[in-house]
Protein chains: 2
Amino acid sequence: MFADPASTIPDNTGLSALETAVIDFFVSIVRVVGIPKSVAELYGLLYVAPRPLPLDTLMQRLRMSKGSASQGIRLLRSFGAVRSVYVPGERRDHFTAEVELKRLAAGFIREEIQPRLVQGQEKLDHLNHLYETSRPSGPDTAFYDDRIQRLGTWSRRSREVLPLLGEIIA
Amino acid sequence: MFADPASTIPDNTGLSALETAVIDFFVSIVRVVGIPKSVAELYGLLYVAPRPLPLDTLMQRLRMSKGSASQGIRLLRSFGAVRSVYVPGERRDHFTAEVELKRLAAGFIREEIQPRLVQGQEKLDHLNHLYETSRPSGPDTAFYDDRIQRLGTWSRRSREVLPLLGEIIA
DNA sequence: TTTTTTGTTCATTTTTTCTTGAACAGATTG
DNA sequence: CAATCTGTTCAAGAAAAAATGAACAAAAAA
């Protein structure tokens with residue numbers, strides 16, 4: 001039987017087997033989306049925490065620096081994976097994990113993916129301008145036309161699909 | 001007007017403005033999926049190339065080492081973003097870019113995403129076993145049950161959605 | 001007001017990832 | 001066969017990303 005994390009580890013140090021396993025899971029999948037390990041750890045611990053946790057509990061139990069914890073929580077909050085909740089009689093901020101997959105996906109797409117696509121679109125605008133100003137001549141004109149146009153299609157398509165992704169998941 | 005890349009740069013060195021702009025586009029968006037810059041450059045150059053290119057042309061024009069070019073091409077081939085084509089009378093391998101977004105997505109999902117999800121699933125199996133063997137007691141049992149179960153739902157959902165993603169894009 | 005608590009910022013260090021280049025192996029040519 | 005060409009591998013170096021910890025600011029308590 002698992003020890004109750006809250007009661008067994010009163011000094012806020014170390015992790016139970018259950019907590020370790022949950023965090024391990026998040027660490028392994030989060031690499032897919034290019035998020036630092038420490039951020040996955042923070043989220044993982046909050047995910048299995050029955051009650052909101054303050055920053056110093058997170059840093060003590062995960063053995064990470066205050067700076068990492070602070071920055072990690074900021075990132076997680078930026079796309080709504082973690083919320084700060086008011087705990088009566090407590091001065092410190094307490095954090096809790098958002099567990100709705102749809103919201104997690106939506107927040108991540110909005111904050112992490114969309115901005116990159118915007119940047120890509122800017123590059124594409126530049127490219128199109130360049131291409132319209134002076135098209136290459138010769139036998140490969142049709143080829144270049146096709147390739148340039150295709151990039152535009154990709155860009156449009158991904159902007160269409162991305163918002164849908166949240167819906168599909170839910 | 002653009003100079004024809006093939007004719008203007010006979011020494012296989014340097015890039016035209018068009019090529020640079022296309023490569024720049026790929027470099028900017030490819031970071032989203034955690035692929036090295038050099039790989040984006042290889043793909044970008046092949047994408048705008050009217051004819052298949054051999055390895056040493058790629059490395060010369062992109063000014064990258066033979067090792068990088070070789071490894072980059074291998075990665076691109078592994079998920080079908082680049083194919084090698086036979087060029088009559090040519091001894092060297094020549095490469096050409098796959099431009100069907102659907103195939104690109106499918107290959108990437110199959111080779112890069114799926115394996116990570118499998119790894120996540122293994123962690124989850126371990127977690128479930130741990131949890132079944134010894135469930136925590138106390139007032140938070142229902143909470144833990146919910147959280148553990150939810151992970152399973154996420155895992156299943158993502159396995160359902162991922163293959164669909166290819167279809168949606170097309 | 002002074003002291004303590006809480007959290008942020010950012011220069012530095014550490015770790016991870018990417019790139020290079022040289023050694024190697026296989027295939028082709030002379 | 002030797003010489004050349006082509007491509008791969010991998011140890012070492014370079015670059016990029018992440019984590020640390022100390023200095024700082026803001027808010028609350030004493």
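The values are calculated or read from the model by the stated rules, or taken from the named source; none is laboratory data. All of these numbers come straight from a predicted model, not from anything done at the bench. Note that each Cβ is placed from the backbone with ideal geometry, even for glycine, and that neighbours are counted across all protein chains shown. For accessibility, only protein heavy atoms count, side chains too; no ligands or nucleic acids. Shrake-Rupley method; radii C 1.70, N 1.55, O 1.52, S 1.80 Å.
Before moving on, here are some points about what is shown:
- Subset of segment A:2-15 [crowded, with 18+ Cβ neighbours inside 10 Å and either at pLDDT 85 or above or among the small types (G, A, S) (or both)]: A:L15
- Here the condition is being more than 24 Å from B:P139 (Cα to Cα), within 13 Å of DNA strand C (Cβ to nearest atom), small (G, A, S) and outside any loop (DSSP other than H, G, I, E, B); of A:S28, A:S84, it holds for A:S28 alone.
- Checking B:E90 against (1) part of a helix (DSSP H, G or I); (2) modelled with pLDDT under 95, the condition it does not meet: (1)
- Where B:R91 falls short, out of the listed (1) free of Cβ contacts under 8 Å to residues at least 24 places away in the same chain; (2) more than 14 Å from every other protein chain (Cβ to nearest Cβ); (3) closer than 30 Å to A:F26 by Cα: (3)
- Count of residues meeting criterion [more than 8 Å from chain B (Cβ to nearest Cβ) and open to solvent by 60 Å² or more (accessible area, probe 1.4 Å)] in segment A:147-170: 7
- Evaluation of A:R51 against the conditions (1) within 13 Å of DNA strand C (Cβ to nearest atom); (2) of a type outside the set (F, W, Y); (3) at pLDDT 95 or above; (4) loosely packed, with under 15 Cβ neighbours inside 10 Å shows that the sole unmet condition is (1).
- Segment B:93-104, residues that are outside any loop (DSSP other than H, G, I, E, B) and either in contact with a helix residue (DSSP H, G or I) (Cβ under 7 Å, 6 or more places away or on another chain) or under 22 Å from B:M59 (Cβ atoms) (or both): B:H94, B:F95, B:T96, B:A97, B:L101, B:K102
- Of the criteria (1) farther than 19 Å from B:Q119 by Cβ; (2) within 15 Å of the chain's Cα centre (by Cα); (3) near DNA strand D (Cβ under 8 Å from one of its atoms), which one A:M64 fails: (2)
- For segment A:12-61, the tally of residues that are within 11 Å of DNA strand D (Cβ to nearest atom), in contact with a Lys or Arg (Cβ under 7 Å, 6 or more places away or on another chain) and within 27 Å of B:F108 (Cα to Cα) stands at 2.
- Pair list, Cβ under 7 Å, 6 or more apart: segment B:102-123 residue open to solvent by 80 Å² or more (accessible area, probe 1.4 Å), other residue modelled with pLDDT under 90 and outside any helix (DSSP H, G or I): B:K102/B:A170
- Restricting attention to segment B:19-30, the residues being facing chain A (nearest Cβ under 7 Å) and farther than 11 Å from A:H126 by Cβ number 1.
- Qualifying positions in segment B:54-72 - surrounded by fewer than 22 Cβ atoms within 10 Å (Cβ to Cβ) and within 7 Å of DNA strand C (Cβ to nearest atom): B:R63, B:M64, B:S65, B:K66, B:G67, B:S68, B:Q71
- Lone unmet requirement of (1) open to solvent by less than 60 Å² (accessible area, probe 1.4 Å); (2) at pLDDT below 95; (3) within 22 Å of the chain's Cα centre (by Cα); (4) within 14 Å of chain A (Cβ to nearest Cβ) for B:F79: (4)
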